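The structure appears below as C-alpha cells.
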Amino acid sequence: MLNIVFLIAGLAFILVGANMLTDGASSIAKRWGLSELVIGLTVVAFGTSAPELVISIVSAINGSAELAIGNVVGSNIFNVLAIIGITAIFAPIKIERSIMTKDIPLVLLSALVLLAMGNAPLLDGASSRILSRVDGIVLLLFFTIFLRHTFSSAKSATPAESQEIERFKTKDMPLWKSILWVAIGLAGLIIGGDQFVNGASGIASGLGVSDAIIGLTIVAAGTSLPELATSITAAVKGKPGIALGNVIGSNIFNIFLVLGCSATIRPLPFGGIGNFDLLVLTGACLLFWIFGWFFKQRTITRAEGIILATCYMAYVAYLVANA
C-alpha cells in the first residue's frame, strides 16, 4: 500500500512540476524573442517528455535499467497505439503531407535505431544487450539533428501549419516568477521522480514481476497521462490533429533525448525488454505511417483508431499473461 502511495504522490509531483517548468521556461523563451511556434516545438515538447526523462534518469542512477528502458518503450507504444487510437475514435485525424513525409518517418527511424541497438549481439557479435555510453551519445547526436530539422520546419512553416502549432499560448510572467516556476518545477520533478521510481520498484517486488513489466505498463501509462489528456480534450474540441504533435514530439524526445541522456549517465542493460517489445514499438510506428498514407488518404479513421487501441489492449494482455 505504501508503494502505491509513493507511486501516486510521485506522479502528482512529476506532472505538476513538468507543467510549472514548461510554463516558466516558455515565458523565459518568449522574453528571448522565440516565436510561439518554436516554443511549442521545443520547450513545450520537452515539457511533455519531462516525466519520462526524470524517471529514466533516476532509474539509471539507481541501477533500475529495465525500468528506464521499459518506461520509454512502453510510453512510445502507448502514445502511438492508445493515444492516437483513442483520439481517432473521438474524431478522425487528418494528417498534413509534410508530417507524413518528414515527421512520422522520424518516429519510425527512432524505433528502428533502438531496435538495432537492442540487437547488437546479433548484428556485431557484442557480448550482451546493452545501451552503452557510446549508444547514448549517438542517440543524443540524432536528437541534435532532430532539433535542427525542427527549427528549419518552424522557419518554413505555412500559415496554416503555424496556426496549428501555435496552440501553445505562452503565459506572460514577470522574470522572477518565471525563474521561480522553473526552480519549483525542477524540484517537483526530482522529488517526484525519486518517489515514483521507489514506488514502482516496490510494486514490482511485491507482485513478483520484473521492473521491465512495470515500466512497460504502469509507469509508461502514468508518464503519458499529459499527452493522453491533451489529445482527448483537443479531439472533443474538434482539433484531433493536436494529438499528432504530442505523439510525434514525445516519441522522438523519449528515444533520442531520454534514453540518450540516461545511457550516457550509466549504461543500460536491456534485461527483460526483449525483441518482442521493440518489434511491437516498431510495428506500431509502421502501422501509424501505413494508416496515414493508405485506405483513406492521410487520415486516421475511427475504424483504424479502434484497430490501434485494440492492438494496445492485446499487447498489455500478453504482458500480463506472461508476467
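The values are calculated or read from the model by the stated rules, or taken from the named source; none is laboratory data. These numbers come from a predicted model, not from an experiment. FYI the Cβ positions are ideal-geometry reconstructions off the backbone, even for glycines, and counts take in every protein chain you see. For accessibility, only protein heavy atoms count, side chains too; no ligands or nucleic acids. Shrake-Rupley method; radii C 1.70, N 1.55, O 1.52, S 1.80 Å.
A few comments on the model shown:
- For I306, the solvent-accessible surface computed with a 1.4 Å probe is close to 90 Å², ligands and nucleic acids excluded.
- Accessible surface, per residue, of the chain when the full set of protein chains is kept, probe 1.4 Å, Å²: 43
- GNM top mover of L259, L109, L11 - the chain, alpha-carbon springs below 10 Å: L109
- Rolling a 1.4 Å probe across all protein chains gives F46 an accessible area of roughly 70 Å².
- Checking the Cα-Cα distances for K30/K239; K94/K177; K177/K239; K30/K237 against a 29 Å cut-off, the pairs over it are K94/K177; K177/K239.
- The chain, helix-only ellipticity at 222 nm - DSSP H runs n ≥ 4, -39,500 (n - 2.57), divided by all residues, nearest 500: -23000 deg cm²/dmol
- Taking every alpha-carbon pair in the chain and binning the separations at 10 Å intervals from zero gives 6, 27, 36, 24, 6, 0 percent.
- By accessible area with a 1.4 Å probe, ligands and nucleic acids excluded, highest first: order of R129, R266: R266, R129
- Solvent exposure of K94, expressed as accessible area, is near 120 Å², computed with a probe of 1.4 Å over the protein chains only.
- Chymotrypsin sites (Phe, Trp or Tyr not before Pro) lying in DSSP loop within segment 235-301, provided at most 15 other Cβ fall within 10 Å: F294, F295
- In order along segment 238-244, the Karplus-derived 3J(HN,Hα) couplings, from 6.51 cos²θ - 1.76 cosθ + 1.60 at θ = phi - 60°, round to x, 10, x, x, 4, 4, 4 Hz, and Gly and Pro are given as x.
- Probe 1.4 Å, all protein chains present, accessible-area order of E66, E227, largest first: E66, E227
- Just the protein heavy atoms count here, and of the accessible area of the chain at 1.4 Å, carbon and sulfur take up 70 percent.
- Alpha-carbon Debye profile of segment 235-277, log10 I(q)/I(0) at 0.14, 0.15, 0.27, 0.32 Å⁻¹: -0.52, -0.57, -0.95, -1.02
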